[in-house]
Amino acid sequence: MHIDFRTGLIVSALLASIVLAIKPGDRLVPAIALVTASIAALIDFRIIQLSSTKLRIDVILPAIMTLTGAICWSRAQAKSGITAATVITIAGLIMVTTALRLLG
């Protein structure tokens, strides 16, 4: 079985956003992270297809994940919340830098 690195990042971000969404407290930012990671997963698994001539979806979705992960990280108090927010932030950052061809 072969799993692409991008697929692994998206699944990791999706699982981490689920962890953040089920935690009590403010759920708006984790919900945005969950929706964004879900859309990215649906695109990666070729269930839906999004395209735009003016907007780069492959940059926008990871950028939103990076931003929401950083916001959740700054607000997190429990170890599981900090870890999940870190996973979302790093996964999004790697995907953004790859999409902009700054990394690999």
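Values in this text are rule-based calculations from the coordinates and carry no lab data. Keep in mind the model is a prediction, meaning the values are calculated, not measured. Cβ: placed from backbone, ideal geometry, glycine included. Neighbour counts: every protein chain shown.
With each label modelled as a point 7 angstrom along the Cα→C-beta vector, the Asp44-Arg56 pair spans 1.9 nm. Across the chain, the longest piece that holds none of the trypsin sites (Lys or Arg not before Pro) lying in DSSP loops with up to 14 other C-beta atoms within 10 Å covers 57-100.
The separation of the stretch 1-51 from the stretch 66-104, counted between C-alpha centres, amounts to 12 Å. Below 13 angstrom from the Cβ of Arg101, what's the summed charge of the other residues (Lys, Arg +1; Asp, Glu -1)? Summing Lys/Arg as +1 and Asp/Glu as -1 gives 0.
Using θ = phi - 60° in the Karplus curve 6.51 cos²θ - 1.76 cosθ + 1.60, the 3J(HN,Hα) couplings for the stretch 64-72 round to 5, 4, 4, 5, 5, x, 5, 5, 5 Hz; x is entered for Gly and Pro. Once the gyration tensor of the Cα atoms in the chain is diagonalised, the equivalent ellipsoid follows with semi-axes of 23, 14, 14 Å, ordered largest first.
For Cα pairs less than 8 Å apart in space and 6+ apart in sequence, what is the mean separation divided by the residue count of the stretch 5-99, i.e. the relative contact order in percent? Once normalised by length, the contact order is 36 percent.
Other residues lying with their Cβ under 14 Å from the Cβ of Ala16 contribute a combined charge of +2, Lys and Arg counting +1, Asp and Glu -1. Each Lys or Arg adds one and each Asp or Glu takes one away; over the other residues whose Cβ falls under 15 Å from the Cβ of Val29, this sums to +2.
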